[in-house]
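Notes follow the structure.
The values are calculated or read from the model by the stated rules, or taken from the named source; none is laboratory data. Only a predicted model underlies this, so the values are computations on that prediction, with no experimental measurement involved. Note: ideal-geometry Cβ built from the backbone for every residue, glycine included; neighbour counts use all protein chains shown.
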Amino acid sequence: MLTEALQRTHVEVMIEWPNVTASGQRELGLKPEELHKSKCVLGFFPVIYYSVLLCVGVPVNILTAVALSRLASRTKKALYYYLLAMTGSDILSQLFIIFVGFLLETAVFHREVPTLLLHSVSAAEFAANHASIWSTVPLTVDRYVALCHPLLHRQISYPARARRIIAAVLVLSLTSGLPFFWWSDMWRSSHPPTALDAVLTWTHVTIIYFLPCSIFLVLNSLIIHTLRARQRQQCGREELGPNTAPHRRLGKTTAMLLAVTSVFLVLWAPRTVVVIYHLYVSSVHRDWRVHLAYDLSNMLAMLNTAVNFFLYCFVSKAFRGAVRDVLLLRGGPLHPRRALPQQQAHINASSSSLYSGSNKRWRHLTGPRELSSRIPSLTDWKTEGIVLRESFCLPRLNLTY
């Protein structure tokens, strides 16, 4: 009895510390790579975190998509189509990466799924992730052209072109996810990283972080430089006279762009560092500290798929109004308000009377003296110009974004 109790105690100790002796390893049937495998220090916290993030992020992004669809139909601006593409890509990332990758494969099935399915889901995860990040690049380029080249922006920025650009970005993102079918499972791979792992890792961090962040930093720097130059020019004009320079300020759309790109730069930086560290220094499979850092960095990176809604609400009054209409089930006008037939007839009558009065006045001019006495003053011409502009609804060139 005492011998059996000692043996049972010895087995319990070996279960808790499986790498004590070689004989215990053989008794438990554990492989050498399983004995040195790093443990998940966070326990069930990642499962709770991703469940909450999924339950909050998916409804919020669906609400964002509906509100942006209304704004895009109402205003016909390319900006809302780019934001709608970002929102749709975030929904795909939440479904493939959080729901399928982290919750189903890792938490429910413990990655005990067929290898073909595991690699297929990995390729879909990378494709959705690339689409989520690269959908922000056309928005950044659009805002740069709008601020630095406003006349060119009015020629090249329209909904049809925006939809073509978005379709091209989605196709390229799906194509870029195919090589990651051979992505190595960091939690299960006990062997050192191979040359293929190094190529895929550097391709991943370049596509996911270094290349888009370089574009963001360059274009945002040019935008900020342009805004500061205009501000200095405005200050110089105000010194010459109080009414010589129009009031310029940082547009809400530009502020929203800077906020979205800044949040992305901050949230995705830790994961990029950990992936490179795993490749060259220490493995996630063997070091519990790298395992912990990789878990935390993934949590921060996935948080980026659910924060854009709150940034839009904080910055844009039009977006808040659209969200309010959706929540209150109010169908706002999808198209701009048009003039009624009576109002249009009144406008035509007033414009025709204005032209007829001008023609009669000029028809009775007979001499130089009478010509000088009958020429309208500068105030009259300004008044008539205002009436004409309001009558024919001439578009005003608005260069403030």
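Values computed for the structure shown
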read-out	value
Residue in segment 322-336 that is at pLDDT below 90, more than 30 Å from A198 (Cα to Cα), out of contact with any strand residue (DSSP E or B) (no Cβ under 9 Å at 6 or more places or on another chain) and aliphatic (A, V, I, L, M) present	yes
Unmet requirement for L118, which otherwise passes all of (1) farther than 15 Å from G101 by Cβ; (2) of a type in the set (A, V, I, L, M); (3) surrounded by 18 or more Cβ atoms within 10 Å (Cβ to Cβ)	(1)
Residue match in segment 101-110 (condition: in contact with a helix residue (DSSP H, G or I) (Cβ under 8 Å, 6 or more places away or on another chain), charged (D, E, K, R) and either in contact (Cβ under 8 Å) with a residue 40 or more places away in the chain or outside any helix (DSSP H, G or I) (or both))	no
Qualifying residue in segment 248-266 (condition: outside any helix (DSSP H, G or I), loosely packed, with under 14 Cβ neighbours inside 10 Å and either at pLDDT below 85 or touching a strand residue (DSSP E or B) at 6+ places or on another chain (Cβ under 7 Å) (or both))	yes
Any hit, segment 132-147, residues being over 18 Å from A85 (Cβ atoms), in contact (Cβ under 8 Å) with a residue 24 or more places away in the chain and aromatic (F, W, Y)	no
Condition met for R289 (of a type in the set (K, R) and touching a Ser or Thr at 6+ places or on another chain (Cβ under 9 Å))	yes
